[in-house]
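The block underneath contains the structure these notes are about, expressed in structure tokens.
The values are calculated or read from the model by the stated rules, or taken from the named source; none is laboratory data. For clarity, every value in this text was computed on a predicted model and none was experimentally measured. We place every Cβ from the backbone using ideal geometry, glycine too, and count neighbours over all the protein chains shown. To get the accessible areas, we keep the full protein, side chains included, count just its heavy atoms, and leave off ligands, DNA and RNA. Shrake-Rupley method; radii C 1.70, N 1.55, O 1.52, S 1.80 Å.
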Amino acid sequence: MRFNEREAITNPALLKQCAAVFALVLIGFFIGHSLHLEPGTVALSGASLLMLLAYGRQHSEKQSESVHHAFAEVEWITIFFFMGLFMIVGAVEHSGLLSLMGEKLLAATDGNIEKMAFAVLWVSALLSSFLDNIPFVATMIPLLDSAAQQIPDSGNFDTVWWALALGACLGGNGTLIGASANLTVAAFAEKAKQPIGMLAFTKWAFPLMLLTVLLAHFYLWLRYF
């Protein structure tokens, strides 16, 4: 409690530069799509700009040392883990498995919006615990859009969209690989000598995830049905 947070700021000028570059990166995320810029391009451009501002005026030897130190602080293990994970998820999506599961899910509900909403909620939650929710949601959007056009009384179809959003978001909390934020925090925890294991995380997180999805289930039922 006696910790003075201002003592942690060793370079106020660099802090202001970080804030300015961070603001530019956020703006780039918002307008990047219209300019045909990928988020990765915006992020790396911001990192390059910040390194230029921070180290550009240093002597060549000091500059080289600072750059090497900055690269050493990058969570390379986490980054390469994400690369491998997204390759696997991309292969699953490219194989057509997600599309097949989505079509089977919609066929099993027989056009009943209530059944469809609850089925989408739970399936998206369970899949998002073990697969990245982005490709699943991207696959389900055109399927649900097509289903909405085929259902005669689709006035209450917003429920299905909410079910997809709630299931995909809450499901990511179920396992350590369910969300990028989980893996990022786990990497920092391991660096601080407090490792978080996959089984230990799932033991506590998966039941809590099921509880939150159950609450979402009751909310949808009370709100729409």
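Could you order peptides 31-40, 44-53 by the average number of other Cβ atoms within 10 Å of their residues, highest first? Present the calculation step by step, with values, prior to reporting the outcome.
On the way: 31-40: 10.6, 44-53: 15.0.
My ranking of the peptides, most packed first, is 44-53, 31-40.
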| query | What angle do you read, to the nearest 10 degrees and between 0 and 90, between the alpha-carbon axis of helix 76-94 and the longest principal axis of the chain? | reply | 30 degrees
| Name the chymotrypsin sites (Phe, Trp or Tyr not before Pro) in region 1-35 that are in a loop by DSSP and that have at most 12 other C-beta atoms within 10 Å, would you? | Phe3
| query | Where the accessible area of the chain is counted over protein heavy atoms with a 1.4 Å probe, how much of it, in %, is carbon and sulfur? | reply | 68 percent
| Relative contact order for the chain, counting Cα pairs under 8 Å that sit 6 or more residues apart, in percent | 16 percent
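Jot down the per residue volume, in cubic angstrom and as a whole number, of the convex hull over the alpha-carbon atoms of the chain. Display every interim value, and only then the final one.
On the way: hull volume 43.4 nm³, N = 225.
About 193 Å³ per residue, rounded to a whole number.
By how many nm would the segment from Leu14 to His36 lengthen if fully extended, with 0.36 nm per residue of separation less the alpha-carbon distance? Each step should come with its number before you reach the end.
Numbers: separation 22, 0.36 × 22 = 7.92 nm, distance 3.01 nm.
Full-extension gain reported as 4.9 nm.
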| field | Average accessible surface area per residue within the chain, 1.4 Å rolling probe, Å² | value | 67 Å²
